[in-house]
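These notes are about the structure you will find just below.
The values are calculated or read from the model by the stated rules, or taken from the named source; none is laboratory data. Predicted model, so just to flag it, every value in this text is computed and none were measured. Neighbour counts run over all protein chains shown; Cβ positions are idealised from the backbone, glycine included. Only protein heavy atoms, including side chains, enter the accessible area calculation; ligands, DNA and RNA are left aside. Shrake-Rupley method; radii C 1.70, N 1.55, O 1.52, S 1.80 Å.
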Amino acid sequence: MGIQILQQSKSQKQKAEAYIFFAKAADMGNLKAMEKMADALLFGNFGMQNITAAIQLYESLAKEGSYKAQNALGFLSSYGIGMEYNQAKALIYYTFGSAGGSMMSQMILGYRYLSGINVLQNCEVALSHYKKVADYIADKLEKSEGIPVEKVRLTERPENLSSNSEILDWDIYQYYKFLAERGDVQIQVSLGQLHLIGRKGLDQDYYKALYYFLKAAKAGSANAMAFIGKMYLEGNAAAPQNNATAFKYFSMAASKGNAIGLHGLGLLYFYGKGVPVNYAEALKYFQKAAEKGWPNAQFQLGFMYYSGSGVWKDYKLAFKYFYLASQSGQPLAIYYLAEMYATGTGVLRSCRTAVEKRLKFSKKRRCIQWHFSCGIELPFKDIHLARRLYDMAAQTSPDAHIPVFLALMKLETVHLLQDILLFNFTMRWKWMTLDNTIGPCWDLFVIGLIVAVLIFLLRNRYG
């Protein structure tokens, strides 16, 4: 229940309610709920930061075999946060975490062996750790997306809808909706794509996506026809899976020379969706789409030559098409390039290049918090470190004393409030953070209030 609320929540209040369910489940011994609560204590979610309590909970979870707890303890001990600085112990925690299935631990161990951090530098060992991560992500990618039809690339003018922000303002959205209703085909396709994938603050809405695509297709848009085919190929609430309908719309788009439509027909023939498997036809359509620069078609050609599907195996051609697709960021193409460099298939073997490709693949999918795993960023609050940094800033210049004083006031106030309001995570809490009640600039509000009080007192004294 807590996870469901957390996934659907849009406000901090709803998220706080989710953690109440986590706390109840943790009291009952649920390991996943205990992991959530340990994370909340570590990161200070909803004013409940307590690193000592988080470590105690992680240690308890580690004894139960939680790889997430092993990974967290490895990270904390490697930086001496809340526990003794001990790289050897951190390495043990990471090793157990990776053995338990933590992809984060695998990434960290790969990075350590690649860079020689507290271990002997060994590219081959690093490569083996990165391979496990890459295989895991590639497997999830293929299972979740199935037939790799492009889901993110926006081919018309969607970036112009909100060039300065990832959020499409409501007034701007209404304006473009008006233009779409007036018959602007490009805007219709763009809005359809945004609703299809749920970008720029718009909810994913298959019905609205199909509505705009159908209007644009009726006006002759080949892209809209191709995206309708894509929707019916994948299947969703608005467009139930139907290979015959997908074939119809892909054919309409392909007849206009549209790369997405050509690629879609190639997929249907390659996998035998609604038509008999025909590698020759698939190859023909993939080649036409690849010539137009469509990266997924380039990847499919590379895969056919790599696996020998309907053609003679040709690793040089496979490498060529994988490389072309990778230049546009096609993730599976990057994955197969890494495999080829790791095994020396069709290219001179290079451990370092294979590692670089696997890192690029992992970061491309955004499945790993890269900065966290490398220790580049500390994603939680360290008040003692903050105080030291503020003191150093004050020493650098006399001009820094006033802003540092104000910043320290805010820091100490927040810390005091958290100390007062912190209680055991198994109890219910209803305190809302100042960020939610007053706004993200609450500190400026408080400072302004203090200044106003001081002016009032001075006037009374000297007036």
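The set of residues in the range 202-226 being over 29 Å from the mean Cα position of the chain (by Cα) and hydroxyl-bearing (Ser, Thr, Tyr) consists of Ser221 alone.
Selection of helices (runs of 4 or more DSSP H) fully inside the range 276-352 by the criterion of at least 1 residues being open to solvent by less than 60 Å² (accessible area, probe 1.4 Å) and over 28 Å from Leu114 (Cα atoms) returns 279-291, 295-307, 315-326. Pull up the range 67-83, narrow it to residues that are open to solvent by 20 Å² or more (accessible area, probe 1.4 Å) and not hydrophobic (A, V, I, L, M, F, W, C), then point me to the one that is modelled with the lowest pLDDT. Only one residue fits best here, namely Tyr79.
The residue pairs whose first member lies in the range 348-375 and is within 30 Å of Phe43 (Cβ to Cβ), whose second member is polar (S, T, N, Q) and at pLDDT below 80, and whose beta carbons are closer than 7 Å, counting only pairs six or more residues apart or on different chains, are Ile368/Ser362.
Taking every residue in the range 174-192 that is surrounded by fewer than 24 Cβ atoms within 10 Å (Cβ to Cβ) and pairing it with any residue that is not in a helix (DSSP H, G or I), at least 6 positions away or on another chain, the pairs with Cβ-Cβ distances below 6 Å are Val185/Ala219; Val185/Ser221; Gln186/Glu156; Gln186/Arg157.
Table: residues versus (1) at pLDDT below 85; (2) part of a loop (DSSP other than H, G, I, E, B).
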site: Leu109; (1), (2): no, no
site: Asp139; (1), (2): yes, no
site: Glu142; (1), (2): yes, no
site: Ile147; (1), (2): yes, yes
site: Asp171; (1), (2): yes, no
site: Gln174; (1), (2): yes, no
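Of the helices (runs of 4 or more DSSP H) lying entirely inside the range 35-103, those containing at least 2 residues that are charged (D, E, K, R) are 51-63.
The criterion of being open to solvent by 20 Å² or more (accessible area, probe 1.4 Å), farther than 24 Å from Pro295 by Cβ and touching a Phe, Trp or Tyr at 6+ places or on another chain (Cβ under 8 Å) holds for Gln241. Within the range 93-129, the set of residues being of a type in the set (Val, Ile, Thr) and within 21 Å of the chain's Cα centre (by Cα) comprises Ile108 only. Of all residues being aliphatic (A, V, I, L, M) and without any contact (Cβ under 8 Å) to a residue 40 or more places away in the chain in the range 245-270, which is farthest from Phe303 (Cα to Cα)? Just the residue, please. Restricting to residues being aliphatic (A, V, I, L, M) and without any contact (Cβ under 8 Å) to a residue 40 or more places away in the chain, the top hit is Met252.
Only one of the numbered conditions (1) in contact with a Ser or Thr (Cβ under 6 Å, 6 or more places away or on another chain); (2) in contact (Cβ under 8 Å) with a residue 40 or more places away in the chain is not met by Phe299, and that is (1).
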